[in-house]
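Peer 1: Sharing a structure below in structure tokens format, with a few things to ask.
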Amino acid sequence: MALIKCDFFSEVLALSTSMTVILPQHTQGQIGMNNVKRGERHPTLWLLHGLSDDDSIWMRRTSIERYAAEYGLAVVMPQVHHSFYTDMAYGNRYWTFLTEELPSLARSFFSLSEAREDNYVAGLSMGGYGAFKWALNYPERFAAAASLSGAVDIVSHIKRRKAENQEEAVTLFDRIFGDRQVEGTTDDLFYLLNVNDQSEKALPRLYQCCGTEDFLYEDNLSFLAACQKTRFDLTHAFDPGTHEWGYWDAKIQDILRWLPLKG
């Protein structure tokens, strides 16, 4: 595998930013690695970070490079700061960056497949919300999406954090969403489930996991119940665990095995 720290300028954000990228490389003499390369255009996992992290975190806390090698899978890990993968009311346009500029730039830099069946998105915590939000807003772009301990019930999450009067959380969500309504909009995963269920579009497969001791467990149960009323193909795994990297390191391996990779 090739590991690339890519620093570049974003026209949408009007600033320099970065992404960490893993690219498949076929090798025969590399000890301890089973590297696969599927073709000239790589199937791609867009892998999203959580609230307190950046584009380097999956490399630093898990063995994602080693795990992805045997699948011949490119992994693109962008940086979006504290945006909740949203065009912020008082901040930058990270949703536009993620969904429009990033794929175009990454594919211009690297040999990544544009085909729906070769594209997948996953993330943890804030990134789990971002992964499902991206796939549910653009189901024509992804064959599969996965959330690890995701903040998947964003409406309840915001209400709960504000009710607890956590000043930092209140400031954060005010900065992200401002006065605009979240419930019943394209920022609301429950709304997006229903919109997609009523459409005739092909839907991405979904994978949802969360530790039973995680503070987001109840939100994940709510999402599961809502999703099971739709035509989405959802795989779920609720196991003992908390909001921590040992759990996510194990679960990302399950997700890679679950991805509907061709061949």
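Peer 1: Answer yes or no: is there a residue in the range 122-133 that is out of contact with any helix residue (DSSP H, G or I) (no Cβ under 8 Å at 6 or more places or on another chain) and within 22 Å of Lys262 (Cβ to Cβ).
Peer 2: yes
Peer 1: Follow-up question, since we're still on this one. Among Leu136, Leu98, which is the only one that is under 13 Å from the mean Cα position of the chain (by Cα), in contact (Cβ under 8 Å) with a residue 24 or more places away in the chain and closer than 26 Å to Ser222 by Cα?
Peer 2: Every option except Leu136 fails the conditions.
Peer 1: Every residue in the range 127-138 that is buried (at least 24 other Cβ atoms within 10 Å of the Cβ) and either farther than 22 Å from His82 by Cβ or not aromatic (Phe, Trp, Tyr) (or both), please.
Peer 2: Answer for the range 127-138, where residues must be buried (at least 24 other Cβ atoms within 10 Å of the Cβ) and either farther than 22 Å from His82 by Cβ or not aromatic (Phe, Trp, Tyr) (or both): Gly127, Gly128, Gly130, Ala131, Lys133, Ala135.
Peer 1: In addition: From Glu114, Glu101, grab the single residue that is assigned to a helix (DSSP H, G or I) and among the acidic types (Asp, Glu).
Peer 2: Of Glu114, Glu101, the one residue that is assigned to a helix (DSSP H, G or I) and among the acidic types (Asp, Glu) is Glu101.
Peer 1: Next question. Which of (1) modelled with pLDDT of 95 or more; (2) over 17 Å from the mean Cα position of the chain (by Cα); (3) of a type outside the set (Lys, Arg); (4) under 24 Å from Leu148 (Cα atoms) is the odd one out, the single condition Thr17 does not satisfy?
Peer 2: (4)
Peer 1: Next question, about the same structure. Exactly one of (1) touching a residue at least 24 places away in the same chain (Cβ under 8 Å); (2) surrounded by 14 or more Cβ atoms within 10 Å (Cβ to Cβ); (3) closer than 22 Å to Arg141 by Cα is unmet by Asp87. Its number?
Peer 2: (1)
Peer 1: Could you tell me how many of the residues in the range 139-182 are under 29 Å from Thr235 (Cβ atoms), at pLDDT 95 or above, surrounded by 15 or more Cβ atoms within 10 Å (Cβ to Cβ) and not polar (S, T, N, Q)?
Peer 2: Qualifying residue count for the region: 15.
Peer 1: Of the residues in the range 5-55, how many are closer than 18 Å to Asn119 by Cα, loosely packed, with under 15 Cβ neighbours inside 10 Å and either in contact with a strand residue (DSSP E or B) (Cβ under 7 Å, 6 or more places away or on another chain) or of a type in the set (A, V, I, L, M, F, W, C) (or both)?
Peer 2: Number satisfying all stated conditions: 0.
Peer 1: Give the range 66-86 a look and list any residue that's under 27 Å from Pro43 (Cα atoms) and not hydrophobic (A, V, I, L, M, F, W, C), or say none.
Peer 2: Once the filter is applied, which keeps residues that are under 27 Å from Pro43 (Cα atoms) and not hydrophobic (A, V, I, L, M, F, W, C), the range 66-86 yields Arg66, Tyr67, Glu70, Tyr71, Gly72, Pro78, Gln79, His81, Ser83, Tyr85, Thr86.
Peer 1: Can I ask one more? Are any of the residues in the range 234-241 free of Cβ contacts under 8 Å to residues at least 12 places away in the same chain and among the small types (Gly, Ala, Ser)?
Peer 2: Checked the range 234-241: no residue is free of Cβ contacts under 8 Å to residues at least 12 places away in the same chain and among the small types (Gly, Ala, Ser).
The values are calculated or read from the model by the stated rules, or taken from the named source; none is laboratory data. Being a predicted model, the structure only gives us computed values, none of them experimental. For neighbour counting, all protein chains shown are included, and Cβ atoms are generated from backbone atoms with ideal geometry for every residue, glycine included.
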